[in-house]
Amino acid sequence: MAAPPLGRLVLTHLLVALFGVGSWAAVNGIWVELPVVVKDLPEGWSLPSYLSVLVALGNLGLLMVTLWRRLAPGKGERVPIQGLLLLLPPSPPSVPTGGPGPGLRVGTPGVEEQEEEEEESPLQESPSQAAGSPLPDPKASQLFSVRGACLLGLLAVTNALTNGVLPAVQSFSCLPYGRLAYHLAVVLGSSANPLACFLAMGILCRSLAGLCGLSLLGLLFGAYLMALAILSPCPPLVGTSTGVVLVVLSWVLCAGVFSYVKVAISSMLHGGGRPALLAAGVAIQVGSLLGAVAMFPPTSIYHVFHSGEDCVDLCGP
């Protein structure tokens, strides 16, 4: 198959890049303003939970179009829209998704299709495992292997935590320590994502056990942040510099670790071709939505997490 003209490739890559940058800039621009407005708007400290659900629901549109194009007969264009799912920001910037990392290509029309056919997928079963069981579609079958299912499950769980569960309680974990702590957690947490992506470009973990270990490490930071949110408005070390440092550092490390895990998983799934990209996009969006929806009732309806008041000391004797 003849490669498309260079001008078409350049234009396509440019449009895809603008799509990704525009969507991230829109969501990030709103989220970094929360430390300023969260105390003044009617939603109060529950505002991040509302935004998490709205962002996740907004991304379902492209997911539905993608699934319809994959399942409907007579698909006209060959542009794999599912690749764009990996560019959408299903999470706030404080704990962002992995996004397109090293080895994760969006799959523009005719680009590197021949290379994808020849590339060996990290999800592919060993010859001893596949012996005696002919597979009609090797790339699709890789998704149903134990390793592929574990990677997709881990991707969904990490996105549920970082794009729904933890962002919904970020205000409750940070604001007791002051607006400065909240601001630093948002801004520095956003910086952890690209740093993790650059790290993965040089050092990429392809071990499932290693990725699970990193996920457990991120889960420890997340558990600490959740404990702070539950104890709001009087978490440990409130009113001290040590408490501010610990909460900000926990958000940064949690964002960095989970971002690296998601970049690594997306890079490994890329070897499975377009079906793997679609499965990764579905796992990201569905996991994000489930996490956001699960946290909305306790934060915004039943008020399990409690907010503080300015100029009122609720933590005194």
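The values are calculated or read from the model by the stated rules, or taken from the named source; none is laboratory data. Nothing here was measured: the structure is a model prediction, and the numbers come from that model. Cβ placement follows ideal geometry from the backbone for every residue including glycine, while neighbour counts extend to all protein chains displayed. SASA here: full protein model, heavy atoms, side chains in, ligands and nucleic acids out. Shrake-Rupley method; radii C 1.70, N 1.55, O 1.52, S 1.80 Å.
Taking the conditions exactly as written (within 16 Å of the chain's Cα centre (by Cα) and either in a helix (DSSP H, G or I) or at pLDDT 95 or above (or both)), does Leu211 satisfy them or not?
Yes: the conditions hold for Leu211.
List, please: which pairs have Cβ atoms under 7 Å, are six or more places apart or on different chains, and start with a residue in region 216-227 that is more than 11 Å from Phe258 (Cβ to Cβ) and modelled with pLDDT of 95 or more and end with one that is open to solvent by less than 70 Å² (accessible area, probe 1.4 Å) and part of a helix (DSSP H, G or I)?
Once the first residue is more than 11 Å from Phe258 (Cβ to Cβ) and modelled with pLDDT of 95 or more and sits in region 216-227, its partners that are open to solvent by less than 70 Å² (accessible area, probe 1.4 Å) and part of a helix (DSSP H, G or I) give Tyr224/Ser250; Leu225/Leu166; Leu225/Ser173; Leu225/Ser250; Leu225/Trp251; Leu225/Cys254.
How many of the residues making up region 255-282 are over 19 Å from the mean Cα position of the chain (by Cα) and either crowded, with 20+ Cβ neighbours inside 10 Å or modelled with pLDDT of 95 or more (or both)?
So the count comes out to 2.
Quick check on my filter: what residues within region 294-315 are hydrophobic (A, V, I, L, M, F, W, C), surrounded by 17 or more Cβ atoms within 10 Å (Cβ to Cβ) and in contact with a Gly (Cβ under 7 Å, 6 or more places away or on another chain)?
Selection gives Met295 alone.
Just checking, which of Arg105, Arg147, Arg179 is at pLDDT below 50 and among the basic types (Lys, Arg)?
When all the criteria are applied, what remains is Arg105.
Determine if region 216-235 includes at least one residue that is open to solvent by 50 Å² or more (accessible area, probe 1.4 Å), closer than 30 Å to Cys315 by Cα and among the hydroxyl-bearing types (Ser, Thr, Tyr).
Yes, some residue in region 216-235 is open to solvent by 50 Å² or more (accessible area, probe 1.4 Å), closer than 30 Å to Cys315 by Cα and among the hydroxyl-bearing types (Ser, Thr, Tyr).
Per-residue answers, yes or no, for (1) under 25 Å from Gly291 (Cα atoms); (2) at pLDDT 75 or above; (3) not in a loop (DSSP other than H, G, I, E, B):
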residue	(1), (2), (3)
Met1	no, no, no
Gly22	yes, yes, yes
Pro42	yes, yes, no
Tyr50	yes, yes, yes
Ala56	yes, yes, yes
Leu62	yes, no, yes
Pro89	yes, no, no
Pro96	yes, no, no
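Starting from region 27-46, take each residue that is closer than 14 Å to Leu175 by Cα and list its partners that are open to solvent by 30 Å² or more (accessible area, probe 1.4 Å) and assigned to a loop (DSSP other than H, G, I, E, B), counting only C-beta distances under 6 angstrom and pairs at least six apart or across chains.
If the second residue must be open to solvent by 30 Å² or more (accessible area, probe 1.4 Å) and assigned to a loop (DSSP other than H, G, I, E, B), the pairs left are Gly44/Ser307; Trp45/Ser307.
Being in contact (Cβ under 8 Å) with a residue 40 or more places away in the chain and in a helix (DSSP H, G or I): is that true of Gly239 here?
So Gly239 fails the test.
Which residue, of Val252, Val286, is under 19 Å from Ala149 (Cβ atoms), in a helix (DSSP H, G or I), of a type in the set (A, V, I, L, M, F, W, C) and open to solvent by 30 Å² or more (accessible area, probe 1.4 Å)?
Val286
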